[in-house]
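Scroll down for the structure; my scribbles are underneath it.
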Amino acid sequence: MSQALNDSIKYIKNKIGDFEPEIGIVLGTGLGGLVNEIEIAHSIMYSSIPNFPISTLEFHSGKLIFGLLKGKKVIAMQGRLHYYEGYSMQQITFPIRAMKLLGIKHLLVSNAAGSLNPDFKKGDLMIINDHINLQPESPLRGLNDEAFGPRFPDMSQAYSKDLIAKGLKIAKAENINCHQGVYVSVTGPNLETKAEYRYLRIIGGDAVGMSTVPEVIVANHMGLPVFAISVLTDEGFPEDLQPVSLEEIIATASKAEPKMTYILSQLISTL
Ligand code: HPA
């Protein structure tokens with residue numbers, strides 16, 4: 001383990017005492033509301049943790065929240081880090097490594113994404129069952145730390161089949177319109193052109209976004225089962241592409257958020 005991670009963990013453990021988190025949660029753009037369901041035990045600003053990267057986005061608040069959700073001990077990252085902010089892939093995924101070292105056994109991830117599949121509409125949810133990485137590098141590039149995982153980690157079940165089945169069942173029982181599909185990650189921060197949306201659909205994408213894949217690769221490297229869910233905030237349908245703003249993306253994410261929060265919290269109760 002790197003000295004930098006060691007120092008972060010030491011600082012966090014000193015703050016949280018004997019709190020032993022079981023589940024890590026990464027909350028995406030406009031999707032921080034799950035935190036309201038947590039009985040908060042400790043809250044630590046990223047900026048106070050040695051070596052922790054700080055979110056540069058004003059709408060991502062940048063806190064690690066420790067507490068109880070449905071009776072389970074969780075850590076939630078309120079505010080995630082993106083490659084387009086200028087961080088390296090290793091920096092983006094540093095908190096995932098830290099959460100694993102703090103003891104989490106599952107990683108749950110949410111994000112806002114654009115729909116590529118004509119049957120998946122704005123405001124719908126999509127459980128991610130696979131991904132295509134179009135970001136320019138892997139967070140595993142560089143010397144491999146065998147203490148974390150193998151040089152060439154398997155990605156044949158990058159998203160836990162078991163967790164996907166549970167998530168779909170929870171959604172169905174509550175009549176929530178929840179699809180499953182393939183998430184394509186791009187660098188951003190610009191959205192896509194018509195030709196790019198068309199291309200992303202042709203190569204097999206159902207949704208496109210600027211996050212998640214680095215975290216999922218690192219989680220798989222460490223053998224952590226992953227569940228990831230997208231809120232589809234806009235429609236990347238090239239025949240009728242409408243301009244979209246960050247405000248609209250956040251507004252759509254906030255509107256759909258209660259459905260997503262429901263699925264995540266019910267899922268957590270089964271873990
Ligand atoms: N493209 C890329 N990232 C996104 C989108 C999109 O259309 N919507 C939300 N995040």
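The values are calculated or read from the model by the stated rules, or taken from the named source; none is laboratory data. Worth saying up front: this structure is predicted, and the values here are computed from it rather than measured. Please note: Cβ atoms are built from the backbone with ideal geometry, for glycine as well, and neighbour counts cover all protein chains shown. Areas reflect the complete protein model, heavy atoms only, side chains present, ligands, DNA and RNA absent. Shrake-Rupley method; radii C 1.70, N 1.55, O 1.52, S 1.80 Å.
Can you tell me how many residues within the stretch 138-156 are among the charged types (D, E, K, R) and farther than 21 Å from Ser185 by Cβ? Even if it seems obvious, please write down each step before you answer.
Quick first cut of the stretch 138-156, residues among the charged types (D, E, K, R) only: 141, 145-146, 151, 154.
Now narrow it down to the ones that are farther than 21 Å from Ser185 by Cβ: 145-146, 151.
The qualifying residues number 3.
Anything in the stretch 17-28 that is among the small types (Gly, Ala, Ser) and either touching a helix residue (DSSP H, G or I) at 6+ places or on another chain (Cβ under 8 Å) or open to solvent by less than 10 Å² (accessible area, probe 1.4 Å) (or both)? List them, or say none.
Gly24, Gly28 - these are the residues of the stretch 17-28 that are among the small types (Gly, Ala, Ser) and either touching a helix residue (DSSP H, G or I) at 6+ places or on another chain (Cβ under 8 Å) or open to solvent by less than 10 Å² (accessible area, probe 1.4 Å) (or both).
Mind listing whichever residues of the stretch 104-161 are open to solvent by 20 Å² or more (accessible area, probe 1.4 Å), at pLDDT 95 or above and of a type in the set (A, V, I, L, M)?
Once the filter is applied, which keeps residues that are open to solvent by 20 Å² or more (accessible area, probe 1.4 Å), at pLDDT 95 or above and of a type in the set (A, V, I, L, M), the stretch 104-161 yields Ile132, Leu134, Leu140, Met155.
How many of the residues in the stretch 1-52 are more than 16 Å from Phe94 (Cα to Cα) and not in a helix (DSSP H, G or I)?
Result for the stretch 1-52: 17.
Gly204: in a loop (DSSP other than H, G, I, E, B) and surrounded by fewer than 16 Cβ atoms within 10 Å (Cβ to Cβ), yes or no? Write out each step before concluding.
On the way: in a loop (DSSP other than H, G, I, E, B): yes; surrounded by fewer than 16 Cβ atoms within 10 Å (Cβ to Cβ): yes.
For Gly204, the condition - in a loop (DSSP other than H, G, I, E, B) and surrounded by fewer than 16 Cβ atoms within 10 Å (Cβ to Cβ) - is met.
Considering each of Glu196, Glu239, Glu235 in turn, give the residue that is modelled with pLDDT under 95, within 16 Å of the ligand (Cβ to nearest atom) and open to solvent by 60 Å² or more (accessible area, probe 1.4 Å). Break it down stepwise before answering.
Working: Glu196 fails: modelled with pLDDT under 95; Glu235 fails: modelled with pLDDT under 95.
Checking each option against the conditions leaves just Glu239.
Over 20 Å from the mean Cα position of the chain (by Cα) and assigned to a loop (DSSP other than H, G, I, E, B) - does that describe any residue in the stretch 154-167?
Within the stretch 154-167, none of the residues are over 20 Å from the mean Cα position of the chain (by Cα) and assigned to a loop (DSSP other than H, G, I, E, B).
If I filter the stretch 3-16 down to residues being touching a residue at least 24 places away in the same chain (Cβ under 8 Å), of a type outside the set (D, E, K, R) and over 20 Å from Val216 (Cα atoms), which single residue comes out as most open to solvent (accessible area, probe 1.4 Å)?
Taking the candidates together, the pick is Tyr11.
For the stretch 238-256, enumerate the residues that are hydroxyl-bearing (Ser, Thr, Tyr) and in contact (Cβ under 8 Å) with a residue 24 or more places away in the chain. So that I can check it myself, show each step before the final result.
As a first pass, look at the stretch 238-256 and keep what is hydroxyl-bearing (Ser, Thr, Tyr): 245, 252, 254.
The answer is Thr252, Ser254.
Restricting attention to the stretch 52-68, does a residue exist that is in contact with a strand residue (DSSP E or B) (Cβ under 8 Å, 6 or more places away or on another chain) and β-branched (Val, Ile, Thr)?
Checked against the condition, which is being in contact with a strand residue (DSSP E or B) (Cβ under 8 Å, 6 or more places away or on another chain) and β-branched (Val, Ile, Thr), the stretch 52-68 yields at least one hit.
If the requirement is being acidic (Asp, Glu) and more than 25 Å from Ser265 (Cα to Cα), which of these qualifies: Glu192, Glu174, Glu215?
Glu192
Can you pull out every residue in the stretch 172-193 that is within 13 Å of the ligand (Cβ to nearest atom), surrounded by fewer than 16 Cβ atoms within 10 Å (Cβ to Cβ) and in contact (Cβ under 8 Å) with a residue 40 or more places away in the chain? Walk me through it before giving the result.
The first filter runs over the stretch 172-193 and keeps only residues within 13 Å of the ligand (Cβ to nearest atom), leaving 183-193.
If we keep only those that are surrounded by fewer than 16 Cβ atoms within 10 Å (Cβ to Cβ) as well, we get 187, 189-190, 193.
Within the stretch 172-193, Thr187, Pro189 qualify.
Taking only pairs six or more apart or across chains, which ones have beta-carbon atoms under 8 Å, a first residue in the stretch 223-235 that is more than 19 Å from Lys122 (Cβ to Cβ) and in a strand (DSSP E or B), and a second residue that is β-branched (Val, Ile, Thr) and open to solvent by 10 Å² or more (accessible area, probe 1.4 Å)?
Short answer, once both residue conditions are applied: Phe227/Ile164.
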